[in-house]
Amino acid sequence: MKIIQITDTHLVPSGGVVNGVDPERQLRAVVADIVARHGDADLVTITGDLCNDGEPEAYRLLSDIVRPLACPVRLLLGNHDRRPAFLDAFPDHPRDASGYVQSVLDTPHGRLLFLDSHEAGTIGGIYGADRLCWLEESLASAGPEPVTVFIHHPPFDAGIGHFERIGMHDGGAILRRLAAHAGGVRHIVFGHIHVPMAGTSAEGIAYSSGQSPAHRFITDLALRDPWWTSGNPCYRILMLDGQGLRAYGVEVGQVPTARAPVCDGP
Ligand SMILES: [Fe+2]
Ligand SMILES: [Fe+2]
């Protein structure tokens with residue numbers, strides 16, 4: 001199964017610039033590359049901070065940009081989003097019975113869980129009792145199937161100064177629930193930090209983030225106020241199959257410098 005992850009698109013109404021970057025231009029380049037190169041994708045997910053300021057016009061722009069994608073698209077909310085404006089633009093998008101934008105998708109390679117960690121007025125992630133109840137039910141009904149989790153806020157300490165106080169405020173509840181799942185957790189796929197990151201939790205759960213195609217941080221773990229920068233439009237390919245989950249970063253617009261030799265055999 002081929003899943004394309006885009007994260008932290010931070011769209012604003014057409015022509016706007018955020019931290020020195022035009023997010024619409026970046027996302028349009030990403031989508032054009034996916035359409036050209038990944039017609040076999042089974043799913044595209046954008047893991048939150050879809051829009052920078054939550055304007056209805058920005059969500060309508062997002063709806064327009066993703067329209068050429070041939071496969072299903074699952075969208076997550078991040079701290080920059082606004083749930084009512086999102087739901088106005090995407091009224092048919094899957095959500096749970098409480099109205100949170102979270103859902104499950106069963107595949108031949110286990111259950112995908114899309115979690116909603118957005119809370120209006122809070123930069124960090126919130127995942128309270130009602131959402132935890134949904135998570136527990138979704139894990140229980142997965143039975144022995146492994147799960148792969150998609151969420152905006154990393155549900156652990158990312159170890160980056162800037163995110164020290166704006167990470168997930170759940171006291172480790174999500175990780176504890178996931179670690180108890182009998183079918184195991186293939187991976188936690190997240191966004192929010194605008195820095196490529198991969199690791200393994202103390203519970204043994206593997207995780208990794210995508211990079212934002214919009215503004216991104218110059219990686220500095222200690223700084224509380226690091227600089228933003230720009231870069232090539234980017235996304236990730238997530239292959240979920242009998243090998244487990246493998247994630248590959250893609251940059252749009254890379255310039256070839258030399259052709260690699262053909263390597264045959266062992
Ligand atoms: Fe973001
Ligand atoms: Fe965020």
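No lab work stands behind these numbers, since they all come straight from the coordinates. Note that this is a predicted model, so its numbers are computed, not measured. All Cβ positions, even for glycine, are placed from backbone atoms using ideal geometry, and neighbour counts span all protein chains on display.
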Based only on Cα atoms, what Rg/Rh ratio does segment 107-224 have, Rh being taken as Kirkwood's radius?
0.97
Give, rounded to the nearest 20 debye, the magnitude of the charge dipole that the chain has about its Cα centre when Lys and Arg contribute +1 at Cβ and Asp and Glu contribute -1 at Cβ.
420 debye
For Asn19 paired with Trp227, estimate the spin-label separation in nm (one decimal), with each label point 7 Å from Cα along the Cα-to-Cβ line.
1.4 nm
Percent relative contact order for segment 2-251, counting Cα pairs under 8 Å at least six residues apart, stands at 21 percent
log10 of Debye I(q)/I(0), alpha-carbon scatterers only, for the chain at 0.07, 0.10, 0.13 Å⁻¹:
-0.23, -0.48, -0.82
Kyte-Doolittle at least 1.6, axis length at least 30 Å by Cα - qualifying DSSP helices, the chain
none
Counting only residues 5 or more apart in sequence or on a different chain, those whose built amide H sits under 5 Å from that of Val18 are none
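Based on the Cβ-Cβ distance of Ala32 and His93, what FRET efficiency does E = 1/(1 + (r/R0)^6) give at R0 = 22 Å, to the nearest 0.05?
Numbers: r = 23 Å, r/R0 = 1.04.
Working from the Cβ atoms, E equals 0.45.
Report the extension gain between Ala202 and Arg176 in nm, rounded to one decimal, defined as 0.36 nm multiplied by the number of residues separating them, less their alpha carbon distance. Spell out each step's value before the answer.
Working: separation 26, 0.36 × 26 = 9.36 nm, distance 1.04 nm.
Length gained between Ala202 and Arg176: 8.3 nm.
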Among residues other than Gly159 whose Cβ falls under 15 Å from its Cβ, what is the net charge (Lys/Arg +1, Asp/Glu -1)?
-1
Run through segment 166-266 and list the trypsin sites (Lys or Arg not before Pro) located in a DSSP loop whose Cβ has at most 11 other Cβ atoms within 10 Å.
Arg224, Arg259
